[in-house]
Amino acid sequence: MPKLSNRVNTFTDSVIRRMTRISDEYGAINLSQGFPDFDPPKEILDELAKVAYQGPHQYSVTFGAENFREALAAKQGKAIGRSIDPEEEIVVTCGGTEAMMCAMMTICNPGDKVMVFSPFYENYGADAILSGADPIYIPLVPPEYNFDIQLIEKGFQQGAKAIIVCNPSNPCGKVFSREELVQIGELAVKYDAFVVTDEVYEHMVYAPYQHTCMASLPGMYEHTITCNSLSKTYSITGWRLGYLIGPKEVIEAAKKVHDFLTVGAAAPLQEAATVGLKFPESYYEELLKTYTKKREYFLKGLDEIGLKHNIPQGTYFVLIDIQEFLDLPQFHGWTDLEFCEWMIKNIGVAAVPGSSFFKEEVNHLIRLHFAREEKTIDEALERLKKLQELLK
Ligand code: GLN
């Protein structure tokens with residue numbers, strides 16, 4: 001067998017997505033990979049039905065269908081607080097995943113350094129490797145998941161080309177305050193670096209926290225590449241619709257990378273999703289209400305069972321502390337991954353082992369999400385009660 005590339009030996013498959021496969025195999029309730037179990041908005045589905053017969057079914061413009069980009073520019077222009085040129089400042093990608101990969105390939109040379117907060121969304125590790133960049137990890141310190149701005153300055157002094165900011169943050173649910181973003185942004189400007197943001201949970205920010213786009217801060221548009229997706233906002237994770245927004249010189253280059261990576265996102269799905277991009281403000285208010293309710297319901301359930309957890313400021317993820325279980329004789333010496341596999345088979349609930357999000361040696365956390373119908377959350381909580389019985 002001829003040898004494969006060295007690069008493929010330097011990272012594993014996604015543990016998040018692996019947990020979904022194991023969960024499906026054992027018929028567990030899947031609270032691992034984050035996606036909703038409810039339908040997308042009816043207006044989008046009705047439009048999809050129309051598109052099935054009316055098209056388009058052939059390629060759209062490689063960097064995104066014109067009407068889709070126009071609707072996107074209008075919506076995100078409001079969030080960023082400036083007018084965005086749909087021709088020159090947007091690339092539509094196959095999901096937020098390609099957007100992030102495309103951003104990294106566009107700005108990084110092999111050997112460049114990129115700062116990544118830890119815990120991080122696991123894709124960033126692979127994005128760095130595939131684009132040849134070396135990550136510098138900046139700890140987000142619990143319980144508030146604060147960071148030391150001096151470490152970020154040190155990272156820039158070591159030549160970091162960019163910093164990745166996932167806001168709201170997967171998996172810890174941190175919402176970066178405006179002040180924190182200003183601090184990071186000022187350093188990016190001072191050291192002439194980029195901020196690459198991942199804002200896919202922008203509409204899941206719980207009061208009193210508020211979402212601030214890095215690109216909206218004074219002087220930051222020229223230094224920011226905003227990565228985002230429609231997956232979470234319209235409950236269409238399988239449609240793989242994402243995008244990058246940035247200054248036109250960056251986007252011109254990103255268009256080339258994207259063109260040769262994937263040519264384009266699915267044309268019929270862009271057409272149908274355009275309806276969603278034009279929804280009034282009330283849609284996003286309702287979405288937030290729905291998730292706020294689910295968050296309260298799930299956290300209350302966890303409290304009633306007695307599972308220790310963080311309180312996410314945004315996203316639909318919760319980190320659960322499993323140390324007290326790992327201290328039991330039957331789990332002695334187990335990894336969090338082994339514990340999650342055991343949970344799928346014996347408790348019937350799938351979680352993601354926390355170690356897949358941390359640079360540090362962290363073995364005592366697992367991640368659950370609550371993007372589920374209430375009855376599914378009820379059943380998951382009922383099953384999780386069995387965990388607590390182990391402590392009796
Ligand atoms: N962001 C989601 C999660 O962390 C999954 C996204 C994906 O798998 N592409 O679970």
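Structure values in brief
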{"quantity": "Exposure proxy ranking, count of Cβ atoms within 10 Å, fewest first, for Glu144, Glu271", "calculated": "Glu144, Glu271"}
{"quantity": "Proxy reagent accessibility, fewest Cβ within 10 Å first, across Val352, Val116", "calculated": "Val116, Val352"}
{"quantity": "Dipole magnitude of the chain, debye to nearest 20 (Cβ charges: Lys/Arg +1, Asp/Glu -1, about Cα centre)", "calculated": "360 debye"}
{"quantity": "Taking Ser177, Ser356 and counting other C-beta atoms within 10 Å, the order from fewest to most", "calculated": "Ser177, Ser356"}
{"quantity": "Net lengthening on full extension, Asp321/Tyr26 (0.36 nm per residue, minus Cα-Cα)", "calculated": "103.8 nm"}
{"quantity": "Karplus-derived 3J(HN,Hα), 6.51/-1.76/1.60, for each residue of segment 203-209, Hz, glycine and proline x", "calculated": "8, 10, 10, 8, 4, x, 6"}
{"quantity": "Hydrodynamic radius (Kirkwood) for segment 92-214, which is based on Cα pairs only, to one decimal in Å", "calculated": "14.5 Å"}
{"quantity": "From phi via Karplus (6.51, -1.76, 1.60), per-residue ³J(HN,Hα) for segment 43-60 in Hz, x at Gly/Pro", "calculated": "4, 6, 5, 4, 5, 4, 4, 5, 4, 4, 9, 9, x, x, 10, 9, 3, 8"}
{"quantity": "Under 5 Å, built H, 5+ apart or other chain: amide partners of Ile225", "calculated": "Val195, Val196, Thr197"}
{"quantity": "Value of D in µm² per second that Stokes-Einstein yields for the chain, Kirkwood Rh from Cα pairs, at 37 °C (0.692 mPa s)", "calculated": "151 µm²/s"}
{"quantity": "Segment Lys256-Thr335, extension gain: residue separation times 0.36 nm, minus the distance between their alpha carbons", "calculated": "24.2 nm"}
{"quantity": "Calculated from backbone phi, Karplus (6.51, -1.76, 1.60) coupling profile of segment 307-313 in Hz, x at Gly/Pro", "calculated": "7, 7, 8, 7, 10, x, 7"}
{"quantity": "Difference of contour (0.36 nm per residue) and Cα-Cα distance, Phe38 to Lys308", "calculated": "94.5 nm"}
{"quantity": "FRET efficiency, Lys392 to Lys3 (Cβ-Cβ, R0 45 Å, nearest 0.05)", "calculated": "0.25"}
{"quantity": "Mean projected area (nm²) of the alpha-carbon convex hull when segment 6-74 is viewed from all directions", "calculated": "8.7 nm²"}
{"quantity": "Charge dipole (the chain, unit charges on Cβ, about Cα centre) - positive-most of Val114, Gly27, Ser235", "calculated": "Gly27"}
{"quantity": "Per residue Cα convex hull volume in Å³ - calculated over segment 265-315", "calculated": "114 Å³"}
{"quantity": "At 0.890 mPa s and 25 °C, Stokes D of segment 213-348 from Kirkwood alpha-carbon radius, µm² per second", "calculated": "128 µm²/s"}
{"quantity": "Rounded to 10°, Cα long-axis angle of helix 374-389 versus longest principal axis of the chain", "calculated": "40 degrees"}
{"quantity": "For segment 75-131, Kirkwood radius (reciprocal of mean inverse C-alpha pair distance, Å)", "calculated": "13.2 Å"}
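The numbers here are math on the coordinates, done by the rules we state, and not lab data. The model shown is predicted, which means the values in this text are computed figures rather than measured ones. All Cβ positions, glycine included, derive from the backbone under ideal geometry; neighbour counts span all protein chains shown.
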